[in-house]
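Notes follow once the structure below has been shown.
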Amino acid sequence: MTAAGRDGWHLSRRQLLQTIALAGIAAGCSSTEGASPRASGSSSTTRSGPGAGGGADSDADLRLRIERASFGVTPTLWKEVSSVGFATWLDRQIASAPKQAEGSFAELDGAIDAILPERPGGGRLAKEDKAELRRASVGVLTARTVLGAAYAPDQLRQRMVDVLADRLHVSSSGVPELYFLPSYDRMLRENAFGRFADLLVEMASHPAMLLSLDNAASRADGTNRPNENFGRELMELHTVGVDGGYDETDVVEAAHVFSGWSLDRRTAEFTFKPEWHSLGPLAEGGDILGWKPKGRGEADGKDFLEYLARHPATAERLVHLLARRFVSEEIAADHPLVKEAVDIYDEQDTRLGPVVAHLLTSDRFPAAATKMLRRPIDMVATTLRRAAAEPKPDDVESIAGGLFGVLRVMGQVPYAWPAPDGYPTPSAAWSNAGAVISRWNSLITLAHDGVPGLALDPRRIDTSDRDQMLLTLCSPDLQLV
């Protein structure tokens, strides 16, 4: 059946897929250097910011920097950055307040938060209340992630949270931690550019993480042995890494450090329970990677988190991750740009904002940057950013449901990765045949049907032809960043 039987399309589905493939999707699934990301409808006459010294490729360098710091160059964004320079724009992005939504997005942001009812306390929920809370929590996470990436003015913060949500991952596949994930996501946004040491404390004491890794019930009193899940993932995933120098004894000792970090059953908020806490073997003078407790209960846990944040292995591993996400997934840990950023991480007291700023503004960036395949959330957000008008606040819930369905098909619902290591970063994880077909199908669905309350408008990409719109949306520009 050809598409002509529906709404007057004149390409068959098979012809469309073939055309997309010939147009460059296959090339878009591999790493290619030097290609310039295109901003539909934007001007390329103004040179400003790093990498725009007047050379033939200055605009291409600037566009690539903007793409890495946002979810897609738009004519408005290009004009804004060009008028002040990339470095100044980036500084403003880092300095902006987390809830500093502007214009119509402020109302949209409020509508997203309003999806969620009151956060549950310690009391038992009725079955129907649990179902509603699950639905609302998923809706908030989907809307805040995708609509924020597509329309929010704080684009760099949206990018940063995309990284942190995987590094400090809590899966929405579990309950009751799902109920607290909207708050956890907000916490990541508030701390995205601050000290990593402070972020670790916020993460470790948040109900979502306490429940996810079972630390809320971890006790070391009497004959109780503390749960090791959080201590293990803290070192293996969140900080020094599996090769960071710790052993199984350190994992047991870390579990003791965080015994008693729990939740108040009445308020469902963090509380330290000293009666559940014991340092165990550490009380006899042991250490974890050179750190020794002082017997101060909760304060020892915070001190240990500060120590891990400052550990050289954490600095190198975290900065390398940021370089892989903002510069190139192929960049080596010993690349000069990464080494420079590690030094900045140390000098800036583990602050993340200055590290990202250096990666994106360094003169080394153009030579080091290679194109990367957009992950599904990135691809959908960029599509909306390019070809959809900003939605109405009253439509947010229905939009969230539609976007959830699209992202489920594509394999990347926000926070839904079941393991604690977060969604994979490498392009190879998203470029197998099945994944590519699902990307094509999802974009075709978006272009033709949109989602309830959010239709793609061909006029926004300077064409009134439906088929041309589909080809534009499925172009290599949307596959690569």
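The values are calculated or read from the model by the stated rules, or taken from the named source; none is laboratory data. Quick caveat, the model's predicted, so the values are computed rather than measured. For neighbour counting, all protein chains shown are included, and Cβ atoms are generated from backbone atoms with ideal geometry for every residue, glycine included.
Brief remarks on what is shown
- For region 223-239, the criterion of being among the small types (G, A, S) and surrounded by fewer than 22 Cβ atoms within 10 Å (Cβ to Cβ) is met by no residue.
So that you can scan it fast, the table gives a plain yes or no per residue for (1) surrounded by fewer than 21 Cβ atoms within 10 Å (Cβ to Cβ); (2) part of a helix (DSSP H, G or I):
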residue: A381; (1), (2): no, yes
residue: E390; (1), (2): yes, no
residue: A416; (1), (2): yes, no
residue: I437; (1), (2): yes, yes
residue: W440; (1), (2): yes, yes
residue: L446; (1), (2): no, yes
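For (1) part of a loop (DSSP other than H, G, I, E, B); (2) surrounded by 24 or more Cβ atoms within 10 Å (Cβ to Cβ), each residue gets a yes or a no:
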residue: L141; (1), (2): no, yes
residue: T145; (1), (2): no, yes
residue: P153; (1), (2): yes, no
residue: M160; (1), (2): no, yes
residue: A165; (1), (2): no, no
residue: H169; (1), (2): yes, no
residue: G174; (1), (2): yes, no
residue: L181; (1), (2): no, yes
residue: R186; (1), (2): no, no
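- Condition check for K302: of a type in the set (D, E, K, R) and either assigned by TED's automatic domain parsing to the domain that holds Y345 or free of Cβ contacts under 8 Å to residues at least 60 places away in the same chain (or both): no
- Among (1) closer than 24 Å to A192 by Cα; (2) surrounded by fewer than 17 Cβ atoms within 10 Å (Cβ to Cβ), the one test that I331 misses: (2)
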